1. Taking the residues in the range 682-709 that are of a type in the set (Ser, Thr, Tyr) and within 44 Å of the chain's Cα centre (by Cα) as candidates, determine which candidate is modelled with the highest pLDDT.
2. Of all residues in the range 537-553 being under 15 Å from Gly584 (Cα atoms) and surrounded by fewer than 21 Cβ atoms within 10 Å (Cβ to Cβ), which is farthest from the chain's Cα centre (by Cα)?
3. Quick check on the range 64-88: of everything there that is over 51 Å from the mean Cα position of the chain (by Cα) and not in a loop (DSSP other than H, G, I, E, B), which residue is modelled with the lowest pLDDT?
4. Out of Ser509, Ser523, which single residue is at pLDDT below 90, out of contact with any Asp or Glu (no Cβ under 8 Å at 6 or more places or on another chain) and surrounded by fewer than 17 Cβ atoms within 10 Å (Cβ to Cβ)?
5. Taking the range 36-63 as the region of interest, how many residues are at pLDDT 85 or above and either in contact with an Asp or Glu (Cβ under 9 Å, 6 or more places away or on another chain) or in a helix (DSSP H, G or I) (or both)?
6. Looking at the structure I just gave you, is Ser198 in contact with a strand residue (DSSP E or B) (Cβ under 6 Å, 6 or more places away or on another chain), of a type in the set (S, T, N, Q) and either modelled with pLDDT of 95 or more or part of a strand (DSSP E or B) (or both)?
7. How many residues does the range 392-422 hold that are assigned to a loop (DSSP other than H, G, I, E, B) and surrounded by 17 or more Cβ atoms within 10 Å (Cβ to Cβ)?
8. Quick check on my filter: what residues within the range 431-472 are among the hydroxyl-bearing types (Ser, Thr, Tyr) and either free of Cβ contacts under 8 Å to residues at least 24 places away in the same chain or more than 18 Å from Asn383 (Cα to Cα) (or both)?
Amino acid sequence: MPNLFFFLPLALSAVLGVLPPPSTAQPPHNPEVETLLRWKQSLVTQTIVSSWIFNQTNGNSSASSPCNWRGISCNTAGNVTGLNLSNTGLQGTLDHLNFSYFPLLLRLDLRYNQLNGTIPANIGLLSNLVYLDLSINSFSGSIPLSVANLTKVVELDFSQNAIIGELDPLLFPGRGSSEAKTGLLSLQRLLLTDNLLSGPLPSEIGNLADLTLLALVNNSFSGPIPQSLGNLTKITSLYLGLNQFSGQIPMSFGTLTKLTNLTLHLNHLTGSVPEQIGNLSSLVVFHLMWNNLSGQLPPQLCQGGKLTNFTAGYNNITGPIPVSLKNCTSLCRVRLEYNQLTGNLDRDFGVYPNLTYFDLSHNNLQGKLSPRWAECKSLTFLNFGGNSIGGEIPVEISQLNQLGKLDLSSNKISGKIPAQVGNLSKLLLLNLSDNNIFGQIPLAIGGLSKLEKLDLSMNMLSGLIPDQIGDISRLLFLSLSKNQLNGSIPYQIGNLVTLQTLLDLSYNSLTGQISPQLGKLKSLEALNLSHNSLSGSIPDSFGEMVSLLAIDLSFNELEGPLPDSRVFNISPPEAFSHNKNLCGDPVQGLTPCNELVSEGGKGKKGNSRLIIIAISTLLASVLLLLCLAGVILFRRKSFQRNQKDDVISGADLSSTGRILYGDIIRATDDFDDAYCIGEGGSAKVYKVNLPSGQEVAVKKLFMNEGSEIRDIKSFENEIKTLTEIRHRNIVKIYGFCHHDKHTFLVCKYMERGSLKNILSREKEAIELDWSKRVNVVKGVAHALSYLHHSCVPPIIHRDISSKNVLLNSDLEACISDFGTARFLKPDSSNWTAVAGTYGYIAPELSYTMAVTEKCDVFSFGVLTLEILMGSHPGELISKSYSAVDNGQIQLAVMLDPRLPPPTSQKFKEEIDSILNLVMWCLRVDPHSRPTMYEVSRVLEINTRAGRESISEFGNSVKDSIELVAS
């Protein structure tokens, strides 16, 4: 007999099992009553089932019937046929609910509760069950095989969330499929229960021939999807999304001709979508997003003409757009973003009167934007960004009066922005960045009263910034960078008091003074006005921008003091570099402002200021000439002792003004090992107390016979690099010497030594708590961002490792040792011999010698993992490349066991964000790694608690990055 194997053991267990004794008075023998009362006793709270009581009056047993109890329904004979306690707050397990006593049960509905534990095996004894819903609870373990005995069941729902359909993705750090998928899975686990059903899906479920609905959404089911599900010929809804299913989509699904809803999103499915799916003529909803699917889509995907919702984004699907989609007028929602689809935009799509959401971004589409899209009158979201679409923006687009988001970024669109765009009164987002659009910004753009994000960056726009932009009162994000805009910054932009994420006007030809009105932007977090020709002083009102976290005013003609506020105090010096004469705190890399204001009037103050400026300029010029002369002498290998007092070339300490060669020799007893504090393969490092009382570190190179050329070249690189950069997280160099007897550098002394040594010592490692470790990670990231993006040409360190990260007395980090550093020349192949420390070298250097800044990004990822783990990850890195690429590496358990787990929500979120960044940085493909600019900004802004967003200014990032935490 079929399924006897499952049934007999369960029946025997039910007969022999010992039930817990009830604590209430014994009712007349009624197994259903006894079982329900025993289950009631086992529940954490019983108020929900308070009506479940036994009353015995004059020996009358009629009161023992449960048919009047809450949630219980019976047939005419008094047998329980339904148990419906959905959404009642039940807490407990099903262990004491013996299903063998309910042979006539037709409906079991316990959804939306807090039940946990496993699903009992004896649930398979409910042989008459038609409806089973245990969804939205906290059950764990696997589905019992006995479920195969429920041959009459029509609906079977074990989902662990209420999301049956598509789960809209947010933007996570990373543009590729696997990074975003990993972030979305993290969100899924945060929002929903931690106890999920797991294990393989029993193939015996394919025997449930009457099944019309099977829902298993948001569990941890793994392994392949059983081919036997193709036997469920009556099924109309199959929900398998948000699991860990792997392998290919069964070809047998092609037989499910009554299927209307098929969701397979957020799994690990591979291979191509079976062409047999095209046979599903009743298909209405089809979700495939966030898998690893490849190959082509079935051409006849919409042959039934009923498809309304189709999502297959974030896969590796190639080939043409399915031909059947062109005339699929039933479409309401289409998402195919982040694939490799090809086609012609104006030939492969038709008119869709019911279409509301259409996203084909980041594919390989060509053609141009057809005016016929204006006939899709219901469109609210249209995204073609990241393709190769040309042509002009058709004026007809302005007829889409329901449009909320329009993204045409990163294409080849030319022409002007139609003035009629101002008619899109419901528009929330307009992104036309990274195209070839020219002409002026239309004045009518001020009519977009609901607009929240406007990005017109990286085009060829010219003329003035229209004053009307100040009328877009709800704007949160505004970027006009990298255009050819001129004139002054309209003071009306100061009226955009809702601006929060970014105001970026950089890389234009803006002139004039900065209006004090901009100081009204008190919610703004990032401001970039760099690379213009702005003059005058920075308005004092900028000091009132209390939310500002990042600012860049570099490469202008600004002068005068910096406002006294937090953002100006924490910003790196390069944020104010290359201006006319800005002054401020020397720590900021600026000349100190004149604070000696005479009471007699402004004349003396002005004269004094001019004198100071003249003297400072003269001294700076002299110092620059000295440094250049020193470098030239060094390159000619003639760095000898100075004839007067043996002054070390380029040396400059604020307390002494110069360092003498003789002082170094005397302070170290001619480099006696007693003063040595570290030793590497090419040098020893000495701690030196100068006569002035100041401490410095001296790095003395080994000059062994036969190695001089190699060491001098390395030494020259370090000098060249360190004398040309200046950053708070890069070790400062005071001077250098190439003597007949000695060759050494004089650097700032870092009291706590190398990060490697600190992590290797338990006491010091414990002192380096989570807060300090996060700051170390940020410091290294900011330094690398400066080297890669603020130096011209960019500088690649090539040896980022824990031994080359030094810490001062406050455990703040600086990177050192630039012996392997090199400049990244845009017009060069940048090939080189492999350099760096084993265990930190990027994998691509094993098969190519082409060096890019992404080599440093990979090393930073390894270093960050080492900081969080407390030791080098070792073979974990080499063994985990594929796991990182697939988003499968579990980093959350890899924290230093010597520290207590972070308890505050702030550090939990920061570390979670850092771990996501590590996964991004360690990707095997260097092109899919982030830039250090992206990493630096995410660390600085986006690790703050919760739902924060940043839109980075600079030369590589346009879109905002949102990290979601609980």
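1. Residues of the range 682-709 of a type in the set (Ser, Thr, Tyr): 682, 686, 692, 707.
Narrowing the set further to residues that are within 44 Å of the chain's Cα centre (by Cα) leaves 682, 686.
Details: Ser682: 63, Tyr686: 86.
Out of the qualifying residues, it is Tyr686.
2. Applying the filter and picking the extreme gives Ser537.
3. So, considering only residues that are over 51 Å from the mean Cα position of the chain (by Cα) and not in a loop (DSSP other than H, G, I, E, B), the one modelled with the lowest pLDDT is Ser64.
4. Only one candidate qualifies: Ser523.
5. 8
6. Working: in contact with a strand residue (DSSP E or B) (Cβ under 6 Å, 6 or more places away or on another chain): yes; of a type in the set (S, T, N, Q): yes; either modelled with pLDDT of 95 or more or part of a strand (DSSP E or B) (or both): yes.
In short, yes.
7. Looking only at that region, the number is 12.
8. Within the range 431-472, Ser449, Ser462 meet the criteria.
The values are calculated or read from the model by the stated rules, or taken from the named source; none is laboratory data. The model shown is predicted, which means the values in this text are computed figures rather than measured ones. Note that each Cβ is placed from the backbone with ideal geometry, even for glycine, and that neighbours are counted across all protein chains shown.
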